[in-house]
(Lines give C-alpha, C1' and ligand atoms only; values in the text may rest on other atoms or scores of the structure.)
Protein backbone atom coordinates (compact mmCIF):
# COMPACT_ATOMS: atom_id res chain seq x y z
CA UNK A 1 0.00 0.00 0.00
CA UNK A 2 2.93 2.36 0.65
CA UNK A 3 4.01 2.02 -2.98
CA UNK A 4 0.50 2.88 -4.17
CA UNK A 5 0.29 5.83 -1.75
CA UNK A 6 3.60 7.25 -3.00
CA UNK A 7 2.48 6.91 -6.60
CA UNK A 8 -0.85 8.63 -5.91
CA UNK A 9 0.88 11.44 -3.97
CA UNK A 10 3.32 12.00 -6.83
CA UNK A 11 0.57 12.17 -9.48
CA UNK A 12 -1.63 14.38 -7.32
CA UNK A 13 1.19 16.88 -6.72
CA UNK A 14 2.04 17.06 -10.40
CA UNK A 15 -1.60 17.43 -11.43
CA UNK A 16 -2.54 20.16 -8.93
CA UNK A 17 0.57 22.23 -9.61
CA UNK A 18 0.09 21.88 -13.38
CA UNK A 19 -3.51 23.11 -13.16
CA UNK A 20 -2.48 26.11 -11.05
CA UNK A 21 0.47 26.90 -13.29
CA UNK A 22 -1.61 26.52 -16.45
CA UNK A 23 -4.24 28.95 -15.19
CA UNK A 24 -1.48 31.50 -14.57
CA UNK A 25 0.66 30.84 -17.66
CA UNK A 26 -1.89 30.78 -20.49
CA UNK A 27 -3.09 34.39 -20.03
CA UNK A 28 0.55 35.50 -19.90
CA UNK A 29 1.37 33.66 -23.14
CA UNK A 30 -1.65 35.24 -24.82
CA UNK A 31 -0.61 38.67 -23.62
CA UNK A 32 2.89 38.15 -25.01
CA UNK A 33 1.38 36.79 -28.26
CA UNK A 34 3.47 33.64 -27.91
CA UNK A 35 1.98 31.75 -30.84
CA UNK A 36 3.08 30.18 -34.09
CA UNK A 37 1.39 30.01 -37.48
CA UNK A 38 -0.57 26.93 -38.49
CA UNK A 39 0.31 24.67 -41.40
CA UNK A 40 -0.98 26.32 -44.59
CA UNK A 41 -1.82 22.89 -46.04
CA UNK A 42 -4.30 22.32 -43.20
CA UNK A 43 -5.81 25.77 -43.24
CA UNK A 44 -9.38 24.50 -43.52
CA UNK A 45 -9.23 22.09 -40.60
CA UNK A 46 -6.88 24.11 -38.41
CA UNK A 47 -7.99 27.67 -39.07
CA UNK A 48 -9.58 27.94 -35.61
CA UNK A 49 -6.18 27.24 -34.03
CA UNK A 50 -4.68 30.49 -35.23
CA UNK A 51 -3.78 32.57 -32.19
CA UNK A 52 -3.54 29.64 -29.77
CA UNK A 53 -0.45 30.20 -27.61
CA UNK A 54 2.51 27.83 -27.69
CA UNK A 55 5.25 26.93 -25.14
CA UNK A 56 2.60 25.23 -22.98
CA UNK A 57 5.13 22.52 -22.17
CA UNK A 58 6.12 24.67 -19.21
CA UNK A 59 2.78 23.65 -17.67
CA UNK A 60 4.14 20.17 -16.98
CA UNK A 61 7.88 20.90 -16.88
CA UNK A 62 7.97 23.43 -14.05
CA UNK A 63 5.43 21.62 -11.79
CA UNK A 64 7.41 18.39 -12.24
CA UNK A 65 10.66 20.05 -11.16
CA UNK A 66 8.95 21.79 -8.23
CA UNK A 67 7.34 18.51 -7.10
CA UNK A 68 10.66 16.67 -7.22
CA UNK A 69 12.30 19.49 -5.23
CA UNK A 70 9.55 19.39 -2.58
CA UNK A 71 9.83 15.61 -2.18
CA UNK A 72 13.62 15.84 -1.92
CA UNK A 73 13.50 18.63 0.69
CA UNK A 74 10.93 16.75 2.77
CA UNK A 75 12.97 13.50 2.52
CA UNK A 76 10.13 11.65 0.79
CA UNK A 77 12.59 10.60 -1.89
CA UNK A 78 16.40 10.36 -1.97
CA UNK A 79 18.87 11.97 -4.33
CA UNK A 80 20.61 9.64 -6.77
CA UNK A 81 22.90 9.95 -9.76
CA UNK A 82 20.21 8.45 -11.99
CA UNK A 83 17.77 11.17 -10.91
CA UNK A 84 20.46 13.72 -11.78
CA UNK A 85 20.80 12.28 -15.28
CA UNK A 86 17.02 12.31 -15.81
CA UNK A 87 16.67 15.92 -14.64
CA UNK A 88 19.63 16.97 -16.79
CA UNK A 89 18.09 15.44 -19.92
CA UNK A 90 14.60 16.73 -19.06
CA UNK A 91 15.72 20.33 -18.54
CA UNK A 92 18.40 20.45 -21.24
CA UNK A 93 16.09 19.34 -24.03
CA UNK A 94 13.40 21.64 -22.64
CA UNK A 95 15.85 24.54 -22.88
CA UNK A 96 16.72 23.63 -26.47
CA UNK A 97 13.02 23.48 -27.34
CA UNK A 98 12.40 26.80 -25.60
CA UNK A 99 15.09 28.51 -27.68
CA UNK A 100 13.43 27.18 -30.84
CA UNK A 101 9.97 28.29 -29.69
CA UNK A 102 11.24 31.68 -28.55
CA UNK A 103 12.83 32.40 -31.93
CA UNK A 104 9.60 31.43 -33.71
CA UNK A 105 7.56 33.75 -31.49
CA UNK A 106 10.09 36.59 -31.74
CA UNK A 107 10.33 36.41 -35.53
CA UNK A 108 6.55 36.03 -35.95
CA UNK A 109 6.97 33.10 -38.32
CA UNK A 110 7.62 29.36 -38.11
CA UNK A 111 11.38 29.74 -38.49
CA UNK A 112 13.22 28.96 -35.26
CA UNK A 113 16.46 27.05 -35.02
CA UNK A 114 17.69 25.53 -38.27
CA UNK A 115 17.55 21.75 -38.59
CA UNK A 116 21.34 21.61 -38.23
CA UNK A 117 21.32 23.80 -35.10
CA UNK A 118 18.59 21.74 -33.47
CA UNK A 119 20.29 18.44 -34.33
CA UNK A 120 23.66 19.73 -33.11
CA UNK A 121 22.07 20.78 -29.80
CA UNK A 122 20.37 17.40 -29.39
CA UNK A 123 23.60 15.51 -30.12
CA UNK A 124 25.61 17.71 -27.76
CA UNK A 125 23.19 17.09 -24.88
CA UNK A 126 23.18 13.37 -25.69
CA UNK A 127 26.99 13.32 -25.62
CA UNK A 128 27.07 14.94 -22.17
CA UNK A 129 24.41 12.47 -21.04
CA UNK A 130 26.59 9.55 -22.14
CA UNK A 131 29.51 11.01 -20.19
CA UNK A 132 27.35 11.22 -17.04
CA UNK A 133 26.03 7.73 -17.76
CA UNK A 134 29.51 6.18 -17.84
CA UNK A 135 30.92 8.37 -15.04
CA UNK A 136 28.19 7.16 -12.68
CA UNK A 137 29.18 3.53 -13.15
CA UNK A 138 26.73 2.34 -15.78
CA UNK A 139 27.90 -0.38 -18.13
CA UNK A 140 27.63 0.08 -21.90
CA UNK A 141 25.50 -3.04 -22.25
CA UNK A 142 22.15 -3.75 -23.83
CA UNK A 143 19.97 -5.99 -21.66
CA UNK A 144 16.92 -7.95 -22.74
CA UNK A 145 15.92 -9.56 -19.46
CA UNK A 146 12.82 -11.28 -20.76
CA UNK A 147 14.95 -13.20 -23.26
CA UNK A 148 18.03 -13.55 -21.04
CA UNK A 149 20.22 -11.62 -23.50
CA UNK A 150 23.08 -9.30 -22.56
CA UNK A 151 25.08 -7.54 -25.29
CA UNK A 152 28.29 -5.65 -24.47
CA UNK A 153 28.30 -2.75 -26.95
CA UNK A 154 31.48 -0.99 -25.63
CA UNK A 155 32.00 2.45 -27.20
CA UNK A 156 29.20 1.82 -29.71
CA UNK A 157 26.75 2.19 -26.84
CA UNK A 158 27.51 5.92 -26.89
CA UNK A 159 26.28 6.13 -30.48
CA UNK A 160 23.25 4.04 -29.54
CA UNK A 161 22.43 6.33 -26.61
CA UNK A 162 22.76 9.43 -28.76
CA UNK A 163 20.53 7.87 -31.41
CA UNK A 164 17.75 6.85 -29.02
CA UNK A 165 17.68 10.29 -27.36
CA UNK A 166 17.61 12.23 -30.62
CA UNK A 167 15.18 9.82 -32.30
CA UNK A 168 12.75 9.80 -29.39
CA UNK A 169 12.74 13.57 -28.91
CA UNK A 170 12.13 14.12 -32.63
CA UNK A 171 9.46 11.39 -32.76
CA UNK A 172 7.37 13.10 -30.07
CA UNK A 173 7.96 16.43 -31.80
CA UNK A 174 6.66 14.99 -35.09
CA UNK A 175 3.60 13.48 -33.37
CA UNK A 176 2.68 16.78 -31.74
CA UNK A 177 0.25 17.92 -34.43
CA UNK A 178 -3.26 17.45 -33.01
CA UNK A 179 -4.87 18.60 -29.79
CA UNK A 180 -3.87 16.23 -26.99
CA UNK A 181 -2.23 13.66 -29.25
CA UNK A 182 1.42 13.76 -28.16
CA UNK A 183 0.52 14.64 -24.57
CA UNK A 184 -1.88 11.72 -24.17
CA UNK A 185 0.48 9.22 -25.76
CA UNK A 186 3.38 10.46 -23.60
CA UNK A 187 1.26 10.15 -20.45
CA UNK A 188 0.58 6.51 -21.31
CA UNK A 189 4.29 5.78 -21.91
CA UNK A 190 5.41 7.49 -18.68
CA UNK A 191 2.78 5.61 -16.68
CA UNK A 192 4.09 2.33 -18.10
CA UNK A 193 7.70 3.39 -17.48
CA UNK A 194 6.84 4.24 -13.88
CA UNK A 195 5.43 0.76 -13.30
CA UNK A 196 8.44 -0.84 -14.97
CA UNK A 197 10.91 1.33 -13.03
CA UNK A 198 9.35 0.31 -9.72
CA UNK A 199 9.95 -3.31 -10.68
CA UNK A 200 13.59 -2.62 -11.71
CA UNK A 201 14.97 -3.24 -8.22
CA UNK A 202 18.54 -3.75 -9.50
CA UNK A 203 18.72 -0.10 -10.63
CA UNK A 204 20.13 2.50 -8.23
CA UNK A 205 17.35 4.88 -7.19
CA UNK A 206 14.65 2.86 -8.95
CA UNK A 207 11.94 4.21 -6.62
CA UNK A 208 12.95 7.80 -7.35
CA UNK A 209 12.83 7.11 -11.09
CA UNK A 210 9.34 5.65 -10.73
CA UNK A 211 8.13 8.58 -8.62
CA UNK A 212 9.52 11.02 -11.19
CA UNK A 213 7.48 9.21 -13.86
CA UNK A 214 4.32 9.40 -11.75
CA UNK A 215 4.85 13.10 -11.03
CA UNK A 216 5.22 13.69 -14.76
CA UNK A 217 2.06 11.65 -15.43
CA UNK A 218 0.12 13.94 -13.08
CA UNK A 219 1.66 17.06 -14.61
CA UNK A 220 0.88 15.93 -18.17
CA UNK A 221 -2.69 15.14 -17.10
CA UNK A 222 -2.95 18.71 -15.82
CA UNK A 223 -1.54 19.97 -19.11
CA UNK A 224 -4.09 17.91 -21.07
CA UNK A 225 -6.84 19.79 -19.20
CA UNK A 226 -5.79 22.76 -21.34
CA UNK A 227 -4.50 20.90 -24.41
CA UNK A 228 -7.28 18.47 -25.37
CA UNK A 229 -9.72 19.45 -28.12
CA UNK A 230 -10.23 22.34 -28.48
CA UNK A 231 -6.75 23.19 -27.21
CA UNK A 232 -6.21 26.42 -25.29
CA UNK A 233 -2.44 26.00 -25.49
CA UNK A 234 0.10 23.95 -27.46
CA UNK A 235 3.10 22.33 -25.81
CA UNK A 236 5.63 23.58 -28.37
CA UNK A 237 9.13 22.18 -28.82
CA UNK A 238 9.89 22.99 -25.19
CA UNK A 239 7.45 20.24 -24.23
CA UNK A 240 7.85 17.70 -27.02
CA UNK A 241 11.66 17.58 -26.94
CA UNK A 242 11.67 17.32 -23.13
CA UNK A 243 9.15 14.47 -23.06
CA UNK A 244 10.66 12.46 -25.90
CA UNK A 245 14.21 12.58 -24.56
CA UNK A 246 13.15 11.88 -20.98
CA UNK A 247 11.17 8.75 -21.78
CA UNK A 248 14.19 7.52 -23.76
CA UNK A 249 16.74 8.09 -20.95
CA UNK A 250 14.45 6.42 -18.38
CA UNK A 251 14.22 3.33 -20.59
CA UNK A 252 18.04 3.33 -20.84
CA UNK A 253 18.61 3.73 -17.09
CA UNK A 254 16.18 0.93 -16.29
CA UNK A 255 17.70 -1.33 -19.00
CA UNK A 256 14.44 -1.52 -20.94
CA UNK A 257 15.45 -0.04 -24.28
CA UNK A 258 13.79 -2.85 -26.25
CA UNK A 259 10.63 -2.54 -24.17
CA UNK A 260 10.58 1.18 -24.93
CA UNK A 261 10.53 0.44 -28.66
CA UNK A 262 7.29 -1.49 -28.10
CA UNK A 263 5.66 1.14 -25.87
CA UNK A 264 6.61 4.04 -28.15
CA UNK A 265 5.23 2.23 -31.19
CA UNK A 266 2.84 5.02 -32.22
CA UNK A 267 5.63 7.61 -32.12
CA UNK A 268 7.85 5.30 -34.16
CA UNK A 269 5.16 4.68 -36.79
CA UNK A 270 4.55 8.42 -37.10
CA UNK A 271 8.26 8.93 -37.75
CA UNK A 272 8.59 6.02 -40.17
CA UNK A 273 5.64 7.32 -42.20
CA UNK A 274 7.48 10.63 -42.65
CA UNK A 275 10.65 8.81 -43.72
CA UNK A 276 8.72 6.62 -46.20
CA UNK A 277 7.00 9.69 -47.66
CA UNK A 278 10.24 11.64 -48.12
CA UNK A 279 12.01 8.62 -49.60
CA UNK A 280 9.17 7.97 -52.04
CA UNK A 281 9.05 11.59 -53.17
CA UNK A 282 12.82 11.67 -53.63
CA UNK A 283 13.08 8.36 -55.52
CA UNK A 284 9.70 8.02 -57.24
CA UNK A 285 8.43 11.62 -57.20
CA UNK A 286 5.18 10.25 -55.80
CA UNK A 287 3.45 10.37 -52.44
CA UNK A 288 2.56 7.24 -50.50
CA UNK A 289 0.35 9.08 -48.02
CA UNK A 290 -1.96 12.05 -48.59
CA UNK A 291 0.03 14.01 -46.02
CA UNK A 292 2.49 13.31 -43.25
CA UNK A 293 2.80 12.75 -40.33
CA UNK A 294 0.25 9.93 -40.26
CA UNK A 295 -2.35 11.82 -38.21
CA UNK A 296 -2.61 14.39 -41.01
CA UNK A 297 -3.17 11.58 -43.52
CA UNK A 298 -6.29 10.59 -41.59
CA UNK A 299 -7.39 14.23 -41.49
CA UNK A 300 -7.16 14.33 -45.28
CA UNK A 301 -9.31 11.19 -45.38
CA UNK A 302 -12.01 13.13 -43.54
CA UNK A 303 -11.53 11.86 -39.98
CA UNK A 304 -12.36 14.31 -37.22
CA UNK A 305 -9.43 15.37 -35.07
CA UNK A 306 -10.96 13.96 -31.88
CA UNK A 307 -11.50 10.53 -33.49
CA UNK A 308 -7.88 10.38 -34.67
CA UNK A 309 -6.56 11.26 -31.23
CA UNK A 310 -8.78 8.70 -29.47
CA UNK A 311 -7.78 5.98 -31.93
CA UNK A 312 -4.07 6.71 -31.52
CA UNK A 313 -4.47 6.77 -27.72
CA UNK A 314 -6.07 3.32 -27.81
CA UNK A 315 -3.19 1.89 -29.85
CA UNK A 316 -0.72 3.63 -27.53
CA UNK A 317 -2.39 2.05 -24.50
CA UNK A 318 -2.39 -1.41 -26.08
CA UNK A 319 1.32 -1.11 -26.91
CA UNK A 320 2.10 0.15 -23.39
CA UNK A 321 0.32 -2.85 -21.88
CA UNK A 322 2.24 -5.14 -24.22
CA UNK A 323 5.48 -3.47 -23.15
CA UNK A 324 4.69 -3.95 -19.45
CA UNK A 325 3.86 -7.60 -20.04
CA UNK A 326 7.10 -8.09 -21.97
CA UNK A 327 9.21 -6.30 -19.34
CA UNK A 328 7.67 -7.53 -16.09
CA UNK A 329 5.62 -10.64 -16.64
CA UNK A 330 7.19 -12.74 -19.40
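The values are calculated or read from the model by the stated rules, or taken from the named source; none is laboratory data. A quick note: this is a predicted structure, and the numbers were derived from the prediction, not measured. Note that each Cβ is placed from the backbone with ideal geometry, even for glycine, and that neighbours are counted across all protein chains shown.
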Pull up segment 32-50, narrow it to residues that are under 20 Å from residue 237 (Cα atoms) and part of a helix (DSSP H, G or I), then point me to the one that is modelled with the lowest pLDDT.
40
Being touching a residue at least 60 places away in the same chain (Cβ under 8 Å) and in a helix (DSSP H, G or I) is the filter; apply it to segment 195-205 and report the residue that is nearest to residue 326 (Cα to Cα).
196
Suppose we filter 251, 240 for residues that are farther than 13 Å from residue 174 by Cα and either at pLDDT 95 or above or not in a loop (DSSP other than H, G, I, E, B) (or both); which single one remains?
251
Within segment 289-315, can you find the residues that are more than 19 Å from the chain's Cα centre (by Cα), surrounded by 14 or more Cβ atoms within 10 Å (Cβ to Cβ) and not in a helix (DSSP H, G or I)?
289, 291, 292, 303
Of the residues in segment 45-84, those that are more than 27 Å from residue 297 (Cβ to Cβ) and within 16 Å of the chain's Cα centre (by Cα) come to 55, 58, 59, 60, 61, 62, 63, 64, 65
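Matching residues to (1) under 16 Å from residue 309 (Cβ atoms); (2) surrounded by fewer than 24 Cβ atoms within 10 Å (Cβ to Cβ):
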site	(1), (2)
194	no, yes
200	no, yes
213	no, no
225	yes, yes
228	yes, yes
232	yes, yes
237	no, no
244	no, no
255	no, yes
What number of residues in segment 277-288 are exposed (fewer than 15 other Cβ atoms within 10 Å of the Cβ) and part of a helix (DSSP H, G or I)?
7
Testing residue 104 on (1) within 27 Å of residue 258 (Cβ to Cβ); (2) touching a residue at least 12 places away in the same chain (Cβ under 8 Å), one condition comes back false. Which one is that?
(1)
In the set 221, 187, which member is outside any loop (DSSP other than H, G, I, E, B), under 15 Å from the mean Cα position of the chain (by Cα), surrounded by fewer than 23 Cβ atoms within 10 Å (Cβ to Cβ) and at pLDDT 95 or above?
221
